[in-house]
Amino acid sequence: MNSVKHVAIIMDGNGRWGIKYKKSRNLGHKEGLKTVEKIIKASIKNKIKYLTLFAFSTENWKRPKKEINFLFNLLENFLLNKISEFNKKSIKLKIIGKKNFSKKINDLLNKSEKKTIKNKKLLINLALNYGSKSELIHSFNNIIKNKKSINEKNISKYLFTQNIPDPDLLIRTGNTHRLSNFLLWQLAYSEIFFEKKLWPDFNEKDYNKILEKFKKIKRNYGNI
Ligand code: FPP
């Protein structure tokens, strides 16, 4: 049986859910946040050490300003309300992606990371303004700056996900079958699960089913 250390998730389908049930994409994001909370709890129950969540991509800036503002307001309230709970549950928060938001958001993100830095049970990598290609360029530039050689170890070392194992599995909800510039290097040997349900409908039972399926997969890494 495979053990699960690191789960990565593309939380897709909020907009469609919101339009279908509430006539508003933003209300889909609000509902999606409830699923985030459920999956964090279920990850702790399953003794998962690393959870990487794709919350906002470098391409998501193309969305209407109203939707972007709504998402960042949700994020702000989430962090303001949850950090003490994160500390109680020993959850560490790390932002992956370029932190070039408003000063208010940047300060809140830095403060949230700092406040949870010593926590050990679960590390949540929250991908914000994240794009895998720009992360790789960032890594290569750091290798050059530090006069190191280009090899797998050094490329991994300078990624935002440095010092943690690559994801064992990737889950993408929303019945869409693509990687959307997410963790292209780190997912090289991950098992990929495409889930039909939209993110707000995804629940602990669906998550556990995927984890059980993953545990039984024979992983060959190119061998036979
Ligand atoms: C993708 O669905 C989802 C996002 C771009 C945002 C993800 C945000 C959340 C789950 C809630 C907020 C989370 C935090 C941590 C504050 P989509 O909008 O692309 O859905 P669609 O494909 O149906 O349009």
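Flag: Lys41 does not match the condition of being part of a helix (DSSP H, G or I), more than 20 Å from Ile96 (Cβ to Cβ), within 13 Å of the ligand (Cβ to nearest atom) and in contact (Cβ under 8 Å) with a residue 40 or more places away in the chain. Listed conditions (1) more than 16 Å from the ligand (Cβ to nearest atom); (2) among the aliphatic types (A, V, I, L, M); (3) touching a residue at least 40 places away in the same chain (Cβ under 8 Å) are all met by Ile144, apart from (3). Of the residues making up the range 14-34, those that are near the ligand (Cβ under 7 Å from one of its atoms) and in contact with a Pro (Cβ under 7 Å, 6 or more places away or on another chain) are Asn14, Trp17, Gly28, Gly32.
Condition first: among the aliphatic types (A, V, I, L, M) and either surrounded by 16 or more Cβ atoms within 10 Å (Cβ to Cβ) or over 15 Å from the mean Cα position of the chain (by Cα) (or both). Now tell me which residues in the range 147-190 satisfy that. Let's see the steps before the verdict.
Step one: filter the range 147-190 for residues among the aliphatic types (A, V, I, L, M), giving 150, 155, 159, 164, 169-171, 179, 183-184, 187-188.
Correct list: Ile150, Ile155, Leu159, Ile164, Leu169, Leu170, Ile171, Leu183, Leu187, Ala188.
Checked against the criterion of being surrounded by 15 or more Cβ atoms within 10 Å (Cβ to Cβ), farther than 30 Å from Glu31 by Cβ and over 16 Å from the mean Cα position of the chain (by Cα), the range 120-136 has at least one qualifying residue. Lys65 satisfies every condition listed in (1) farther than 19 Å from Phe193 by Cβ; (2) within 13 Å of the ligand (Cβ to nearest atom) except (2).
Would you point out the residue of the range 1-13, among those that are among the aliphatic types (A, V, I, L, M) and out of contact with any helix residue (DSSP H, G or I) (no Cβ under 8 Å at 6 or more places or on another chain), that is farthest from the ligand (Cβ to nearest atom)? Steps first, please.
The first filter runs over the range 1-13 and keeps only residues among the aliphatic types (A, V, I, L, M), leaving 1, 4, 7-11.
Next, from what is left, pick out any that are out of contact with any helix residue (DSSP H, G or I) (no Cβ under 8 Å at 6 or more places or on another chain): 8, 10.
Values: Ala8: 14, Ile10: 8 Å.
Checked the range 1-13; the qualifying residue farthest from the ligand (Cβ to nearest atom) is Ala8.
Applying the set (1) under 30 Å from Glu212 (Cβ atoms); (2) surrounded by fewer than 21 Cβ atoms within 10 Å (Cβ to Cβ) to Phe70 leaves exactly one unmet item: (1). Selection over the range 182-201 of residues that are within 16 Å of the ligand (Cβ to nearest atom), touching a residue at least 40 places away in the same chain (Cβ under 8 Å) and under 25 Å from Gly97 (Cα atoms) gives a count of 5.
One line per residue, one yes/no per condition, for (1) in contact (Cβ under 8 Å) with a residue 40 or more places away in the chain; (2) part of a loop (DSSP other than H, G, I, E, B); (3) within 11 Å of the ligand (Cβ to nearest atom):
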{"site": "Phe56", "(1), (2), (3)": "yes, no, yes"}
{"site": "Phe72", "(1), (2), (3)": "no, no, yes"}
{"site": "Asn77", "(1), (2), (3)": "no, no, yes"}
{"site": "Phe86", "(1), (2), (3)": "no, no, no"}
{"site": "Leu93", "(1), (2), (3)": "no, no, yes"}
{"site": "Asp107", "(1), (2), (3)": "no, no, no"}
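Do we find that Lys148 is on the phi < 0 side of the Ramachandran plot, outside any helix (DSSP H, G or I), basic (Lys, Arg) and at pLDDT 95 or above in this structure? Don't jump to the end; show me each part of the working.
Working: on the phi < 0 side of the Ramachandran plot: yes; outside any helix (DSSP H, G or I): yes; basic (Lys, Arg): yes; at pLDDT 95 or above: yes.
Considered against the rule, which asks whether it is on the phi < 0 side of the Ramachandran plot, outside any helix (DSSP H, G or I), basic (Lys, Arg) and at pLDDT 95 or above, Lys148 comes out as yes.
The values are calculated or read from the model by the stated rules, or taken from the named source; none is laboratory data. Since this is a predicted model, take the numbers as computed values, not measurements. No Cβ is skipped: glycine too gets one built from the backbone with ideal geometry, and neighbour counts run over all protein chains shown.
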